[in-house]
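Colleague: The structure is given below, and queries will be raised subsequently.
The values are calculated or read from the model by the stated rules, or taken from the named source; none is laboratory data. Source: prediction; values computed, not measured. Cβ sites come from the backbone with ideal geometry, for glycine too, and all protein chains shown count toward neighbours. With ligands, DNA and RNA removed, areas are computed over all heavy atoms of the protein, side chains included. Shrake-Rupley method; radii C 1.70, N 1.55, O 1.52, S 1.80 Å.
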Amino acid sequence: MHLHIMGICGTFMGSLALLAREMGHQVSGSDQNVYPPMSTQLVDAGITLMEGYHAEHLSPAPDLVVVGNALSRGNEEVEALLNSGLPYTSGAQWLAEHVLPGRRVIAVAGTHGKTTTASVLAWLLESAGLAAGFLIGGVPRNFGVSARLGDPQAPFVVEADEYDTAFFDKRSKFVHYRPHIAILNNLEFDHADIFPDLAAIERQFHHLVRTVPSQGHLLVADEQPALERVLSQGVWTPVAHFGDQDASEWQLKLERDDASRFQVIYSGSEPGQDTNGQDEDGVVEWALTGEHNARNALAALAAAHLCGVDLARGCAALARFETPRRRQEVRGEINGIQVIDDFAHHPTAIAATLKGLRAATTKGRLLAVIEPRSNTMRLGALRERLIESVADADGVFWFQPAGLDWSMDELVATQGAHAQLFSDIDSLVAAVVTQASPLDRIVVMSNGGFEGVHERLLAALAAAKEGKA
């Protein structure tokens, strides 16, 4: 079967394309934003990529068109699809109908941390000999791909996004997945382009809760008022909490300020399991930093435990876990200056990333390069919180992308000499390189390609080093 995927370079749709290719389908796709790492792995998988959205991309006619949620009515290729009468579906529905049936599905949901948590979980299952399938909104470096079918008898881990499904299906994508285990990591306001307020997102999360069977499991982060409001709407599934609260079945105790070493304590038991009244515990020492990542790992350990993975073995496996691409990924180091890539784009995520890196940066300065390009940021929602989100950075280089509905001048002015604003990438790179010194860490945060700023920074740092030699 020939599948044509519209919006194929999105993290979800690109991963879907890999699964379809692994199933033996001929796959093509179109997108207007083609950039690594997704474009690279698609080409390596033998998938035909087409730039832009045009009617001719549907000729010769594919057997089925899978439409990404980034496309709307008025798009040339969408209009051609509807006029052609070709069969079409959404990515989430295709996944639910062609990949997930018969699998033990583990859905990882939450405003933040989905990619890291799903990547950790897939690695824990892999380390225990369970060749799990997965679809993740990033590229876990332990696997090198963002999706695979895995063993049909093994669990399937899916990053469960609350964003809408398609222009013809405005439900959140995760309502299609019908998981046996659902992780609810956190919940706060985001996606201002489709949700009017937090209560609207909470309703969608409750739709997810409604789909988890009574013999399944809900793993819910503690100290999350929005998630407790979700559960208060009704829950029919056993719930276990995770976090740093004494009452939580899964507890986290940091042994280092940067959260690179922490203790895990499990005080619950599964149906039919005899713990003899003894808690289980383990210690994790790994390469990631930040309490938010430790909590992500805790959630993954809890889900893996439900799949039969011994806690001590799971903790040991995390020492070999590698961060997913674009999640605190060190892209290079020149003259003692590190360039780190991170997907953070929401104020909470920006603050968490910087807090973790701050604790791990014992020498040199922490310089933040930030592009607020998500739909929520473009609309100006949460913009007041951007100021406090960068408190742990020694210097901030803001980039105002084209299409932003508000000016960042006032925001940057309130930060004084601490921050600078740019609308030109070359000027931004020159300013960062001029100010950076050996032992500094430059962390770039954006949910897009950011005009290849990472490579430009490394090239400019190398040129500056050569010029001083």
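Colleague: Give the residues of the range 68-90 that are at pLDDT 95 or above and either outside any loop (DSSP other than H, G, I, E, B) or within 16 Å of A160 (Cβ to Cβ) (or both), sorted by residue number.
Modeller: Within the range 68-90, E76, E77, V78, E79, A80, L81, L82, N83, S84, Y88, T89, S90 qualify.
Colleague: Take the residues in the range 397-456 that are over 25 Å from A70 (Cα atoms) and among the charged types (D, E, K, R); name whichever of them is most open to solvent (accessible area, probe 1.4 Å).
Modeller: E410
Colleague: Scan the range 133-143 and tell me whether some residue there is without any contact (Cβ under 8 Å) to a residue 60 or more places away in the chain, part of a loop (DSSP other than H, G, I, E, B) and under 17 Å from the mean Cα position of the chain (by Cα).
Modeller: The answer is yes, given that some residue of the range 133-143 is without any contact (Cβ under 8 Å) to a residue 60 or more places away in the chain, part of a loop (DSSP other than H, G, I, E, B) and under 17 Å from the mean Cα position of the chain (by Cα).
Colleague: Kindly indicate the residue of the range 20-51 that is in a helix (DSSP H, G or I) and open to solvent by less than 70 Å² (accessible area, probe 1.4 Å) and also modelled with the lowest pLDDT among those meeting that condition.
Modeller: First pass over the range 20-51, keeping only residues in a helix (DSSP H, G or I): 20-22, 38-44.
After this cut, where a residue has to be open to solvent by less than 70 Å² (accessible area, probe 1.4 Å) as well, the list is 20, 38-42.
Details: A20: 96, M38: 71, S39: 78, T40: 80, Q41: 79, L42: 88.
Within the range 20-51, the match that is modelled with the lowest pLDDT is M38.
Colleague: Quick check, is T117 buried (at least 24 other Cβ atoms within 10 Å of the Cβ) and closer than 22 Å to E291 by Cα? Quick ask: steps written out before the conclusion?
Modeller: Working: buried (at least 24 other Cβ atoms within 10 Å of the Cβ): yes; closer than 22 Å to E291 by Cα: yes.
Against the criterion (buried (at least 24 other Cβ atoms within 10 Å of the Cβ) and closer than 22 Å to E291 by Cα), T117 qualifies.
Colleague: Taking the range 212-224 as the search range and keeping residues that are surrounded by fewer than 19 Cβ atoms within 10 Å (Cβ to Cβ) and at pLDDT 95 or above, which one is nearest to the chain's Cα centre (by Cα)?
Modeller: Here is the first cut: in the range 212-224, the ones surrounded by fewer than 19 Cβ atoms within 10 Å (Cβ to Cβ) are 213-215, 223.
Within this subset, residues satisfying the condition of being at pLDDT 95 or above are 213-215.
Details: P213: 26, S214: 28, Q215: 28 Å.
So the residue we want is P213.
Colleague: In the range 145-197, which residues are open to solvent by 10 Å² or more (accessible area, probe 1.4 Å), over 27 Å from V239 (Cβ atoms), in contact with a Phe, Trp or Tyr (Cβ under 9 Å, 6 or more places away or on another chain) and outside any loop (DSSP other than H, G, I, E, B)?
Modeller: R148
Colleague: Return the residues of the range 378-396 that are crowded, with 16+ Cβ neighbours inside 10 Å, at pLDDT below 70 and among the small types (G, A, S); say none if nothing qualifies.
Modeller: Of everything in the range 378-396, just one residue is crowded, with 16+ Cβ neighbours inside 10 Å, at pLDDT below 70 and among the small types (G, A, S), namely A381.
Colleague: Something else about it: Output yes when any residue across the range 52-73 is farther than 26 Å from P179 by Cβ, free of Cβ contacts under 8 Å to residues at least 24 places away in the same chain and open to solvent by less than 50 Å² (accessible area, probe 1.4 Å), and no when none is.
Modeller: The answer is yes; a qualifying residue exists.
Colleague: For L187, which of the numbered conditions (1) at pLDDT below 90; (2) under 22 Å from V66 (Cα atoms) fails to hold?
Modeller: (2)
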